[in-house]
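Below is one structure, written out as structure tokens; comments come after it.
FYI, it's all coordinate maths here, none of it is from the lab. Predicted, not measured: the structure shown is a model, and the values here were computed from it. For neighbour counting, all protein chains shown are included, and Cβ atoms are generated from backbone atoms with ideal geometry for every residue, glycine included.
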Amino acid sequence: MELTINKAAILADLDAIAACSDSPPPGVTRLVYGEADQRARAYVRDRCRQVGLQLREDALGNLFARWPGTAPDLPAVASGSHIDALPEAGRYDGTVGVVGALEAISALRRAGYQPRHSLELILFTAEEPTRFGLGCLGSRALAGALDPEQLRALRDSAGRSLDELRVAAGFTGPLDMVQLNRGHYAAFVELHIEQGSILETEGVPIGVVRAIAAPATLRVHLQGQGGHAGAVLMLERRDALLAGAEIALAVEHAALSTGSPNTVATTGSFQIEPGAVNAIPSAATLAIDVRDSAAEPRDHALAAISAAVAAICGRRHVAYQLDLLNADPPATCDPAVIEALVTVCEALGFPREIMVSRAYHDSLFMARLCPSGLIFIPSRGGVSHCADEYADPDHICQGVAVLAHTLARLSG
Ligand code: HGY
Ligand code: MN
Ligand code: MN
């Protein structure tokens, strides 16, 4: 089937969504349920309506835009990603998968293709952990990995509950209706930038992902003793920042000591109180991200970090609270979906690389619901989660072409 991919439409959509930002250019910030997120969602809804899709939104704001197939009772084939963006991030992370799925469906419609299985675009709520500390909220809840009670317990850093924020954003449905049954979808395929440098280094335009890394998140709160920076002698101090600094180095050491080159650990945020130059830090909070493509070395690192926190805080007489927010198993992509992706790449003459995703994506949880696949396109310089993030328009179009033909193969 001959498909034309409309590059101009893709770039216009990416520009329009990038303009919905909580911060000035060049970075893009789009906090879930915030003002910019609302504007971006409204834009995507309008574009889905323009294409003739039937829209539904659930209690979390997951958006489902469906093209009914000739056999509408069959489970649908879906594609999509996220549009939320962490502070000062790029304009391609997630949005390429939403805009790309819209253009893939549009190209199939323009070509006169008629799917048997319905085709559905999904915009997942809150893939980034920025607001509630946990990533993939929307897809996690769809897969049943987060129940209504756990959702209601989530608060942002200002203490506002997820419930309060979602209702204020207009998503008032019942949380217990969010979870989907296995079998709701026949297959799911996500298009995403690689966020690493393998494809660019190897000069390969398409990545076909076989497995998605196992992410975990720790939060450590440290309570020392504040005091006057001039009056309190060094040996009398219980400095929360210094305990946190030792812990951050222990996090690095734990990742380097698992024996797996794939273990990565990051102290992504480190907040202290009161934050005055002449006051001894009384409290500190660290958010720690630990991953590996396998759960066992990742869990080894988690155990080492937990032991280090206890030892450091014991020696420094600092109280601590260590919370494990999530420790998800890795996901494997479905062999039949991988085979479809590889076949399409061969038919289109695109070199492709079978690879592991070190970043997590909504496909990590969709793989619990249905056979799933993940397509990567190159990230310039392997850069992501910052304003310099860039994907070449021709690579985006190649990714969309692979997605469109694969959706046709899976829904025919
Ligand atoms: O952190 C991740 O892996 C994803 O980009 N949110
Ligand atoms: Mn991201
Ligand atoms: Mn992403």
Exercise for the section: Please report how far the C-alpha centroid of the range 100-166 lies from that of the range 25-61, rounded to the nearest whole angstrom. Expected result: 11 Å
Practice task
Would you work out the relative contact order for the range 318-380, in percent, from Cα pairs under 8 angstrom that are 6 or more residues apart?
Solution key: 45 percent
Fill in the blank from the handout: Once both label points are put 7 Å beyond Cα along the C-beta direction, the T70-F350 separation in nm becomes 2.7 nm
Completion exercise
Site S269, offset 7 angstrom along Cα→Cβ, radius 13 Å on amide nitrogen, limited to the range 186-219, gives 218-219
Fill in the blank from the handout: Rounded to the nearest Å, the spacing of the alpha-carbon centers of the range 200-219 and the range 376-412 is 13 Å
Problem - Potential extension, T332-A12 segment - 0.36 nm per residue separation minus Cα distance - result: 111.8 nm
Fill in the blank from the handout: In degrees, nearest 10, the alpha-carbon axis of helix 35-51 is tilted away from the dominant principal axis of the alpha carbons of the chain by 10 degrees
Fill in the blank from the handout: Full extension between R49 and V277 adds, at 0.36 nm per residue less the Cα distance, a length in nm of 76.6 nm
Practice task
Determine the shape class of the range 1-147: with a ≥ b ≥ c the square roots of the Cα gyration tensor eigenvalues, call it rounded for a/c under 1.5, and otherwise prolate if a/b is greater than b/c, oblate otherwise.
Solution key: oblate
Problem - Distance between modelled label sites at R315 and D299, nm, 7 Å Cα→Cβ extension - result: 2.8 nm
Practice task
Using DSSP, restrict attention to beta bridges with both residues in the chain and report what percent are antiparallel, rounded to the nearest 5.
Solution key: 70 percent
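With the contact rule set at Cα under 8 Å and sequence spacing of 6 or more, what percent relative contact order holds for the chain?
Dividing the mean separation by the residue count of the chain yields 23 percent.
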Exercise for the section: Could you list the residues of the range 319-340 with an amide nitrogen less than 18 Å from a label point located 7 Å from the Cα of D147 in the Cα-to-C-beta direction? Expected result: 326-327
Fill in the blank from the handout: Applying the gyration tensor rule to the Cα atoms of the range 75-194 (axes a ≥ b ≥ c; rounded if a/c under 1.5, else prolate if a/b exceeds b/c, else oblate), the class is oblate
Handout entry: Pair A158, S197: separation of 7 Å Cα→Cβ label points (nm)
Key = 3.9 nm
Completion exercise
Highest GNM mean-square fluctuation among M177, M355, M366, for the chain with Cα springs under 10 Å, belongs to M177
Exercise for the section: Pull out the extension gain between M1 and L325, defined as 0.36 nm times the separation in residues minus the alpha carbon to alpha carbon distance; nm, one decimal. Expected result: 112.0 nm
Handout entry: the range 216-327 - percent relative contact order, Cα under 8 Å, separation 6 or more
Key = 43 percent
Problem - Qualifying GluC sites (Glu not before Pro) in the range 106-196, DSSP loop, other Cβ atoms within 10 Å at most 14 - result: none
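Can you give the net charge of the other residues whose Cβ lies under 13 Å from the Cβ of I288, counting K and R as +1 and D and E as -1?
Residues close to I288 contribute a combined charge of 0.
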Exercise for the section: Would you compute, from DSSP H runs of 4+ residues alone, the mean residue ellipticity of the chain at 222 nm, taking -39500 (n - 2.57) per run and dividing by the full residue count, rounded to the nearest 500? Expected result: -11000 deg cm²/dmol
